[in-house]
Amino acid sequence: MESAVATMKLIIAYIQPHRLQDVKKALYKAEVFKVSVTNALGCGAQKGYHESYRGVEFEVNLLKKVRLEIAVNEDFAKKTVEAVIEGARTGQIGDGKIFILDMPQCIRIRTGESGTEAIG
């Protein structure tokens, strides 16, 4: 196994679902091709909205979001973040958040490669 000297990052972004295609295009343009996408629910500064169902008012404070997980070598981290921002930003509340975490290890199951070679 490779030591943790080589630095890798895990970038987690929460974005609005309707911005996903724009983010994917921006990532592709930045030569970042590997991404995991998950539907998520969350609340933040948007604070939700009120809805009525059969005359009963209720508050919806968990809004639909998309969670992106992108593992990259450190030299790709900045352009990955810039691409997500380019594709996701509308300038409105609810555009999302990006978290950047150090990733000490990555292993490709198929080949057993580890570290920066496994990320690709």
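Residues of the stretch 73-118 being β-branched (Val, Ile, Thr) and part of a strand (DSSP E or B), which ones? Even if it seems obvious, please write down each step before you answer.
Let us first name the residues in the stretch 73-118 that are β-branched (Val, Ile, Thr), namely 80-81, 84-85, 90, 93, 98, 100, 107, 109, 111, 116.
The answer is Ile98, Ile100, Ile107.
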>> Need the failing condition index for Arg89 against (1) out of contact with any Asp or Glu (no Cβ under 9 Å at 6 or more places or on another chain); (2) open to solvent by 70 Å² or more (accessible area, probe 1.4 Å), just the number.
In response: (1)
> Of all residues in the stretch 96-110, how many are over 19 Å from Glu31 (Cβ atoms) and open to solvent by 70 Å² or more (accessible area, probe 1.4 Å)?
Replying inline: 8
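The values are calculated or read from the model by the stated rules, or taken from the named source; none is laboratory data. Just so it is clear, the structure is predicted and the values come from calculations on it, not from any experiment. Virtual Cβ from ideal backbone geometry, glycine too; neighbours counted across all protein chains shown. Only protein heavy atoms, including side chains, enter the accessible area calculation; ligands, DNA and RNA are left aside. Shrake-Rupley method; radii C 1.70, N 1.55, O 1.52, S 1.80 Å.
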